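Trainee: First, the structure itself, so that you have it in front of you.
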Amino acid sequence: MVKPLGGADVVVVGAGIVGAAVAYECATAGLTVAVVERDQVSGGTTGAGEGNLLVSDKEPGPELDLALLSLRRWREWAETLDTDIEYEPKGGLVVASTAAALASLTALAEGQRAAGVETAAVADPRTLEPHLRDGTAGAVHYPQDSQVMPSLAAAELLRRPGITVHTGLTLTGLTLTGGKITAAVTDAGTIPTGAVVNAAGTWAAEVAARCGSELPVAPRRGFVLVTEPLPRMIRHKVYSADYVANVAAGTAGLETSPVVEGTAAGPVLIGASRERVGFDKTVSVPVLRRLAAQAVELFPFLTDVQVMRAYRGFRPYTPDHLPIIGADETVGGLWHACGHEGAGVGLAAATGLLVAQGLTGGKPALDTAAFRPGRFGRPVEEAHA
Amino acid sequence: MTVYDIAVIGAGPAGLAAAETAAARGARVAVVDAAEHPGGQFYRHRPGDDGSRHHHWRAFTRLRDALKNVDHLAGHRVWHAEPGEPHTLHCLVGHADERPTTVRAQHLILATGAHDRSLPFPGWDLPGVLTAGGAQALWKGHGLTAGARAVVAGTGPFLLPVATGLAASGATVHGVFDANRPDRRVLPLATDPARAIEAAGYAAALLRHRIPYRTGHAVIAAHGDGRLEEVTVARLDRDWRPLPGTGRTITCDTLATGYGFTPQLELAVHLGCALTEGFDGTPVAAVDAAQATTAPRVWAAGETCGVGGATLAIVTGALAGYAATGARPPASLLRRRARQRRLAAALAAAWPVRDGWKSWLTDDTLICRCEEVPHSRVEQAIAAGARDTRGLKLLSRTGMGRCQGRVCGYAAACLVGAPERPDRPIAQPVRLGDLAAGDTAPIHPRAGADT
């Protein structure tokens with residue numbers, strides 16, 4: 001028999017960085033919040049992320065506007081939160097290996113600058129990264145690119161008064177009265193509420209289905225290599241301009257590009273790979289080898305550095321690579337804040353703000369039309385891919 | 001490249017027995033082992049060793065002789081086991097001249113053994129505090145003594161050979177402190193003649209070296225300025241909480257502690273083997289009656305599928321050797337396994353780890369030594385929503401360092417109240433250059449950055 005757990009103005013499903021940001025902003029707006037998490041805080045994609053807050057990898061458009069808003073909010077959080085969330089505005093350096101790559105990178109940077117991004121052309125990237133390989137064509141420096149420790153940030157945001165976190169609790173469905181939510185049903189009781197926010201990240205399609213809706217969110221696997229701790233040899237997030245063609249790739253096959261960064265704690269983090277292989281946790285040795293080869297090519301000194309560990313995560317992929325933020329168009333009181341693919345940490349702060357503004361009837365800080373949950377139409381095949 | 005019929009990983013009792021059995025049945029066998037000399041932790045020895053430091057030396061020399069019929073790939077550290085047809089073991093060989101290599105085999109037998117299980121207590125990170133196995137390895141492997149004045153603490157019969165070994169190597173042992181008070185649960189062990197004789201031998205050695213042996217006691221703190229100078233020993237209640245007023249100090253320069261063993265399961269996890277609960281309730285590789293894991297063409301033997309000592313390891317190793325060559329094992333071997341498993345269960349029941357050790361901790365006692373995470377930060381992470389060792393790692397860095405949680409994992413799992421997850425895709429550190437050298441993937445330089 002289900003028992004009431006204590007009501008809340010809003011129930012957030014998922015205690016990753018997006019759920020934490022939504023909960024924090026809702027609580028800040030004066031709502032009482034219950035967070036329902038089937039595993040643990042940061043147990044999903046947040047715990048497998050590097051914690052970057054990037055504007056450099058986004059083309060001008062709605063996602064870049066969201067990223068810029070988010071970046072400002074993250075800066076405010078870093079100043080106001082009690083605990084150190086390892087916020088570090090270390091800047092990004094995008095390196096072009098050929099003249100052609102540099103030309104498209106430069107064109108991208110111009111568009112980004114018009115949208116409000118700080119960019120600076122760097123003729124010799126080794127002035128910023130002395131250990132970078134010789135013979136690159138040039139680079140663009142993005143001083144706004146920053147980093148946080150996402151798990152600590154999520155935990156800290158969830159400590160805000162007004163938020164109750166239930167870990168080890170699974171949302172099983174909703175109670176609807178007259179087409180509107182009156183309670184969230186979990187495996188350990190019901191929570192009376194008028195609003196439920198689906199912030200289940202890579203598992204958001206499953207949560208949407210339990211709520212009587214449908215979303216096209218699918219996993220896109222990535223691996224990260226972690227080296228032994230080093231003195232600070234790499235100061236920025238450094239990656240190859242090869243990506244320009246294709247954060248937007250949608251193929252199921254393996255795609256990799258070198259993304260290398262030092263951390264305050266010492267280890268160097270090496271990514272990034274993308275594969276659409278479902279929730280397969282098997283370690284792919286060829287992918288690890290490819291990541292290593294690309295990192296060594298960018299920073300030759302890494303050849304003799306040891307990899308201590310590796311981990312994998314599953315990005316919440318959507319068909320148009322944009323997040324899903326807004327009210328569900330069929331279930332009254334159901335909201336979605338998910339599908340941020342590899343950008344969830346960076347976009348979390350603005351996502352939380354927009355959902356809280358929506359729930360309290362406030363004017364949204366930016367136009368959310370591009371993120372509408374209903375934009376994919378039905379039936380949705382991707383969700384079941 | 002050679003594809004072996006069977007690759008056995010580990011050259012301890014289980015691995016040697018598996019290799020002997022499989023080779024005797026005509027299989028082309030490789031024994032892949034991290035150490036330079038066969039024997040594993042149990043039969044650790046020096047070149048030219050006459051066996052005087054060892055029990056079961058005759059059993060070992062017989063098993064070692066079986067290596068003549070296999071390829072003994074010594075000094076091969078497996079950093080990843082990749083399932084396939086054939087399976088591929090990604091290894092590193094050598095030390096200063098380390099180089100990568102691969103070993104391929106149609107069938108694998110995992111005999112990866114176990115490592116010492118530590119419990120944290122104030123001062124356990126001082127130089128001079130060793131694991132019991134570490135102290136024994138110094139003596140067995142190098143003929144060295146760990147120090148002049150030693151104390152041994154922990155739980156289980158394994159403390160006895162550690163203490164007598166330290167004494168034989170020249171240390172004065174000022175006490176063996178077993179936190180448990182063995183009761184009638186040890187009786188099944190007393191009916192095993194081999195173990196009874198062994199226990200009597202240790203008892204005689206303790207007497208000969210005048211080593212005090214106390215049950216229901218533990219070292220609950222170590223003290224010293226920069227290195228170990230003394231320990232606090234206290235009497236414990238049944239749950240291992242120190243009884244007030246029973247603490248006393250013992251001057252020593254060496255403390256060897258051991259609270260059992262944790263199987264090395266990384267490779268089993270790489271291969272997709274399901275885990276289950278071992279004799280003491282902690283994770284081990286799940287095997288069926290033929291020692292087969294749940295992964296295709298992968299068997300497991302010895303401590304990998306349940307910590308039970310050398311005899312059980314030899315029996316399960318032989319059984320895996322029969323199964324991997326498609327042969328029926330003799331019924332006598334199955335009976336011996338059943339008996340040894342009962343003894344192992346009795347051992348785990350008689351010498352459990354009780355929760356009261358947590359009361360030895362202070363706020364600033366380090367739980368994770370690699371990342372210097374104190375107990376208070378672990379408690380904060382649990383309060384913040386960590387529910388297992390992965391959550392602890394994310395919220396407090398516990399287990400994130402060089403040892404990947406091998407030292408602190410058991411304690412961290414106890415503190416957070418969920419089993420350890422031996423998920424270490426890279427089981428041994430590997431140079432990026434060596435990793436990159438094997439890169440043959442088609443080039444799709446197309447993925448973007450992440451947050």
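We did not get these values from a lab; they are worked out from the coordinates using the rules stated. Note that this is a predicted model, so its numbers are computed, not measured. Heads up, the Cβs are rebuilt from the backbone with ideal geometry, glycines too, and the neighbour counts pull from every protein chain shown.
Trainee: Can you list the residues, at least 5 places off or on another chain, whose amide H is less than 5 Å from the amide H of A:Val197, using H built in the peptide plane?
Mentor: A:Val11, A:Val12, A:Val13, A:Trp335
Trainee: Given a cut-off of 27 Å, name the pairs among A:Lys58/A:Lys363; A:Lys58/B:Lys393; B:Lys140/B:Lys393; B:Lys358/B:Lys393; A:Lys90/A:Lys363; A:Lys180/A:Lys281 whose C-alpha atoms lie farther apart than that in the structure shown.
Mentor: Checking Cα-Cα distances, A:Lys58/B:Lys393; B:Lys140/B:Lys393; A:Lys90/A:Lys363; A:Lys180/A:Lys281 exceed 27 Å.
Trainee: Which parts of the stretch B:1-29 would a label at B:Ala74 reach, counting a residue when its backbone N lies under 19 Å from a point 7 Å out along Cα-to-Cβ?
Mentor: From the stretch B:1-29, the list is B:8-20, B:29.
Trainee: For chain A, build the charge dipole from Cβ charges (+1 Lys, Arg; -1 Asp, Glu) around the Cα centre, then report which of A:Cys211, A:Thr227, A:His340 sits farthest towards its positive end.
Mentor: A:Cys211
Trainee: Please give, to one decimal in nm, the separation of the simple spin-label points placed at B:Ser332 and B:His142, each 7 Å out from Cα toward the Cβ.
Mentor: So the two model labels end up 4.2 nm from each other.
Trainee: Longest segment of chain B with no GluC sites (Glu not before Pro) in a DSSP loop having at most 12 other Cβ atoms within 10 Å?
Mentor: The answer is B:37-371.
Trainee: What whole number of Å gives the distance from the Cα centroid of the stretch B:379-431 to the Cα centroid of the stretch B:94-121?
Mentor: Answer, in whole Å: 20.
Trainee: Here is a further query. Long-range amide H contacts for B:Arg149: which residues qualify at under 5 Å (H placed 1.01 Å from N, peptide plane, sequence gap of 5 or more or a different chain)?
Mentor: The list, which skips near neighbours in sequence, is B:Thr172, B:Asp253, B:Thr254.
Trainee: With +1 on each Lys and Arg Cβ and -1 on each Asp and Glu Cβ, how big is the dipole of the stretch B:361-416 about its Cα centre, in debye rounded to the nearest 20?
Mentor: With Lys and Arg at +1 and Asp and Glu at -1, about 300 debye.
Trainee: What does the charge count around A:Arg221 come to, taking other residues whose C-beta lies under 10 Å from its C-beta (Lys +1, Arg +1, Asp -1, Glu -1)?
Mentor: +4
Trainee: Next question. Can you sort B:Arg104, A:Arg113 from fewest to most other Cβ atoms within 10 Å of each residue's own Cβ?
Mentor: A:Arg113, B:Arg104
Trainee: Using Cα centres only, tell me the gap between the stretch B:190-246 and the stretch A:52-130 in whole Å.
Mentor: 60
Trainee: Just rank B:Lys393, B:Lys68, fewest to most, by other beta-carbon atoms within 10 angstrom.
Mentor: Lowest count first: B:Lys68, B:Lys393.
Trainee: Tally Lys/Arg at +1 and Asp/Glu at -1 over every other residue whose Cβ is under 11 Å from the Cβ of B:His217; what's the total?
Mentor: +3
Trainee: How much net charge surrounds B:Ser396 when only the other residues with a Cβ under 10 Å from the Cβ of B:Ser396 are counted, with Lys and Arg +1 and Asp and Glu -1?
Mentor: +1
Trainee: With θ set to phi - 60°, apply the Karplus curve 6.51 cos²θ - 1.76 cosθ + 1.60 along the stretch B:285-292 and write out the HN-Hα couplings as whole Hz, x wherever there is a Gly or Pro.
Mentor: Values, residue by residue: 6, 6, 10, 8, 4, 9, 6, 7 Hz.
Trainee: Which order do the peptides A:295-307, A:67-79 come out in when sorted by mean C-beta neighbours inside 10 angstrom, highest first?
Mentor: The most tightly packed comes first, giving A:295-307, A:67-79.
Trainee: Quick check: the distance between the Cα centres of the stretch B:285-350 and the stretch A:297-359, to the nearest angstrom?
Mentor: 46
Trainee: Something else about it: At 222 nm, what value in deg cm²/dmol follows for the protein assembly as shown if DSSP H runs of at least 4 each add -39500 (n - 2.57) and the sum is divided by all its residues, to the nearest 500?
Mentor: The helix contribution divided over the protein assembly as shown gives -8000 deg cm²/dmol.
Trainee: Please work out the FRET efficiency for the pair B:Asp125 and B:Thr191, using the Cβ-Cβ distance as r and a Förster radius of 45 Å; give the result to the nearest 0.05.
Mentor: Computed FRET efficiency for B:Asp125 and B:Thr191 comes out at 0.65.
Trainee: About the Cα centre of chain B, how large is the charge dipole given +1 on each Lys and Arg Cβ and -1 on each Asp and Glu Cβ? Please answer in debye to the nearest 20.
Mentor: 1260
Trainee: Shifting gears a bit: Determine the relative contact order of the stretch A:102-196: mean sequence separation of Cα pairs under 8 Å and six or more apart, normalised by residue count, in whole percent.
Mentor: 16
Trainee: Using amide H atoms built in the peptide plane, which far-off residues or other-chain residues are under 5 Å from B:Arg431 H to H?
Mentor: Those lying under 5 Å, H to H, from B:Arg431 are A:Val307.
Trainee: Just want the answer: with Cβ charges of +1 for Lys and Arg and -1 for Asp and Glu, which residue in B:Ala413, B:Thr311, B:Leu275 is farthest toward the dipole's positive end in chain B?
Mentor: Ranked along the dipole, the leading option is B:Thr311.
Trainee: Which ordering of A:Cys26, B:Cys370, A:Cys211 is given by a fewest-first count of other beta-carbon atoms within 10 Å?
Mentor: Going from sparsest to densest Cβ surroundings: B:Cys370, A:Cys211, A:Cys26.
Trainee: Starting from the Cα of B:Ala274, step 7 Å along the direction of its Cβ; do the same at A:Thr164; then give the gap between the two resulting points in nm.
Mentor: Using points 7 Å along Cα→Cβ, the separation is 3.7 nm.
Trainee: Using alpha-carbon pairs under 8 Å, 6+ residues apart, how would you state the relative contact order of the stretch A:250-289 in percent?
Mentor: Relative contact order of the stretch A:250-289: 38 percent.
Trainee: Please list the equivalent ellipsoid semi-axes of chain B, computed as the square roots of five times the alpha-carbon gyration tensor eigenvalues, in descending order and whole angstrom.
Mentor: They are 35, 28, 21 Å, listed from largest to smallest.
Trainee: Still on this model: Putting +1 on Lys and Arg Cβ atoms and -1 on Asp and Glu Cβ atoms, find which of A:Pro373, A:Gly189, A:Val36 reaches farthest to the positive end of the dipole of the protein assembly as shown.
Mentor: The listed residue farthest towards the positive side: A:Gly189.
Trainee: Can you work out the FRET efficiency for the pair B:Trp57 and B:Thr249, with r the C-beta to C-beta distance and R0 = 56 Å, to the nearest 0.05?
Mentor: With a Förster radius of 56 Å, E is 0.90.
Trainee: Within 10 Å of each Cβ in A:151-160, how many Cβ atoms from other chains are there, averaged over the peptide?
Mentor: 4
Trainee: Relative contact order of chain A, please, whole-number percent, based on alpha carbon pairs below 8 angstrom and at least 6 residues apart.
Mentor: 24
Trainee: State, to one decimal in nm, how far the label point of A:Arg75 lies from the label point of A:Thr32, with both points 7 Å from Cα in the Cβ direction.
Mentor: A separation of 3.7 nm, rounded to one decimal place.
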